[in-house]
Amino acid sequence: MTTVLVIGASRGIGREFVRQYAADGATVIGTARSEPGLAAVRAAGGEALPLDVLDDAAVAALATQLGGRAIDIAVVNAGVYGPRVSALTPPGNDEFDLVMRTNVRAPMQLISALAPVVAATRGKLAVVSSKMGSMSLMSSSAGWLYRASKAAVNAAVKSASLELGPRGVVCVAFHPGWVKTDMGGAGADIDVATSVAGMRHVLAAANESHNGKFLNYGGEQLSW
Ligand SMILES: NC(=O)c1ccc[n+]([C@@H]2O[C@H](COP(=O)([O-])OP(=O)(O)OC[C@H]3O[C@@H](n4cnc5c(N)ncnc54)[C@H](OP(=O)(O)O)[C@@H]3O)[C@@H](O)[C@H]2O)c1
């Protein structure tokens with residue numbers, strides 16, 4: 001029986017990960033920070049675990065909260081976009097702190113907290129990043145704080161992969177596509193079902209050669 005953990009599963013891409021893995025018969029634990037979010041996890045077929053990724057103590061206690069269960073697949077998905085402004089409009093302190101703490105520091109803490117429980121199964125750990133964080137693929141400055149945060153978390157994933165690979169873990173960053181969610185908007189390219197089915201397929205096939213890679217939801221390797 002596969003056990004999957006999805007961090008940030010109240011809606012959008014995270015909730016769809018819960019729905020699809022549960023429909024496939026996996027044991028799925030989905031985290032959310034609100035009662036409606038926890039109810040949405042249960043409705044999608046998952047076990048609901050309360051977690052605000054900005055709560056240091058709660059993140060540090062996550063492994064304990066899991067009750068000693070080993071995790072085969074962990075998906076760190078929670079994220080925020082922040083101010084929808086382009087370069088040359090500087091972020092305020094509060095905006096900067098919210099985006100960077102949610103999109104960078106929280107994944108760094110979560111990777112650290114989850115390393116033992118994923119290494120116990122020689123499992124897979126994916127962080128849902130974004131192509132908007134790719135330096136080499138960047139052709140617009142829209143959402144530059146978000147871009148900076150995803151570039152930073154990509155560096156964190158690459159760093160983590162160098163520690164986790166020798167412990168048998170495959171650690172990757174994903175671009176989920178431009179997805180129709182609250183964040184992606186109704187005009188996005190693909191629906192959540194397509195995005196998540198793609199990432200699940202990529203994760204199922206991933207092996208040590210994929211460790212430390214930045215992957216599109218269709219499996220193509222992206223440049224950082
Ligand atoms: N949609 C796209 O086109 C797209 C493209 C590239 C990358 N991504 C990335 O994909 C991931 C999911 O995005 P989405 O499109 O599904 O966005 P979304 O619909 O806005 O959902 C964001 C999720 O993150 C959770 N979250 C945010 N801050 C949190 C916190 N402090 N603690 C716990 N949960 C928190 C939200 O929970 P609440 O319901 O409690 O707010 C929600 O479940 C993000 O990392 C995003 O950057 C999305």
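The values are calculated or read from the model by the stated rules, or taken from the named source; none is laboratory data. Since we're looking at a predicted model, the values are computed, not measured. Virtual Cβ from ideal backbone geometry, glycine too; neighbours counted across all protein chains shown. Accessible surface areas use protein heavy atoms only, side chains included; no ligands, DNA or RNA. Shrake-Rupley method; radii C 1.70, N 1.55, O 1.52, S 1.80 Å.
Identify the residue in region 17-39 that is within 13 Å of the ligand (Cβ to nearest atom) and open to solvent by 20 Å² or more (accessible area, probe 1.4 Å) and, among all such residues, is nearest to ASP191 (Cα to Cα).
Taking region 17-39 as the starting set, the residues that turn out to be within 13 Å of the ligand (Cβ to nearest atom) are 17-19, 30-39.
Keeping just the survivors that are open to solvent by 20 Å² or more (accessible area, probe 1.4 Å) gives 19, 33-36, 39.
On the way: ARG19: 14, ARG33: 24, SER34: 24, GLU35: 25, PRO36: 22, ALA39: 22 Å.
Per the stated criteria, the residue is ARG19.
Under 7 Å by Cβ, and 6 or more places apart or on different chains, what pairs join a residue from region 1-29 that is within 19 Å of LEU62 (Cβ to Cβ) with one that is basic (Lys, Arg) and buried (at least 24 other Cβ atoms within 10 Å of the Cβ)? Sorted first by the residue in region 1-29, then by its partner, the pairs are ALA9/ARG15. Restricting attention to region 168-185, the residues that are within 11 Å of the ligand (Cβ to nearest atom) and out of contact with any strand residue (DSSP E or B) (no Cβ under 8 Å at 6 or more places or on another chain) total 5. Among the residues making up region 70-111, those that are among the small types (Gly, Ala, Ser), surrounded by fewer than 16 Cβ atoms within 10 Å (Cβ to Cβ) and under 23 Å from HIS175 (Cβ atoms) are SER86, ALA87. For ALA44, the conditions (1) free of Cβ contacts under 8 Å to residues at least 40 places away in the same chain; (2) more than 11 Å from the ligand (Cβ to nearest atom); (3) closer than 22 Å to LEU114 by Cα; (4) crowded, with 24+ Cβ neighbours inside 10 Å all hold with the exception of (3).
The residues in region 1-28 that are within 12 Å of VAL75 (Cα to Cα) and more than 14 Å from the chain's Cα centre (by Cα) can be counted, and the count is 3. Report, by residue number, each residue of region 89-120 that is aliphatic (A, V, I, L, M) and farther than 11 Å from VAL59 by Cβ. Within region 89-120, LEU98, VAL99, MET100, VAL104, ALA115, VAL117, VAL118, ALA119, ALA120 qualify. Among the residues examined, ARG84 qualifies as within 14 Å of the ligand (Cβ to nearest atom) and more than 17 Å from the chain's Cα centre (by Cα). Note on region 192-224: residues that are out of contact with any Asp or Glu (no Cβ under 7 Å at 6 or more places or on another chain) and open to solvent by less than 60 Å² (accessible area, probe 1.4 Å) total 20.
Do we have ALA148 as of a type in the set (A, V, I, L, M, F, W, C), in a helix (DSSP H, G or I), closer than 20 Å to MET199 by Cβ and more than 9 Å from the ligand (Cβ to nearest atom) here? The answer is no for ALA148.
In the set LEU203, LEU164, which member is part of a helix (DSSP H, G or I), touching a residue at least 60 places away in the same chain (Cβ under 8 Å) and aliphatic (A, V, I, L, M)? Even if it seems obvious, please write down each step before you answer.
On the way: LEU164 fails: touching a residue at least 60 places away in the same chain (Cβ under 8 Å).
Step by step, each of LEU203, LEU164 is checked, and only LEU203 is part of a helix (DSSP H, G or I), touching a residue at least 60 places away in the same chain (Cβ under 8 Å) and aliphatic (A, V, I, L, M).
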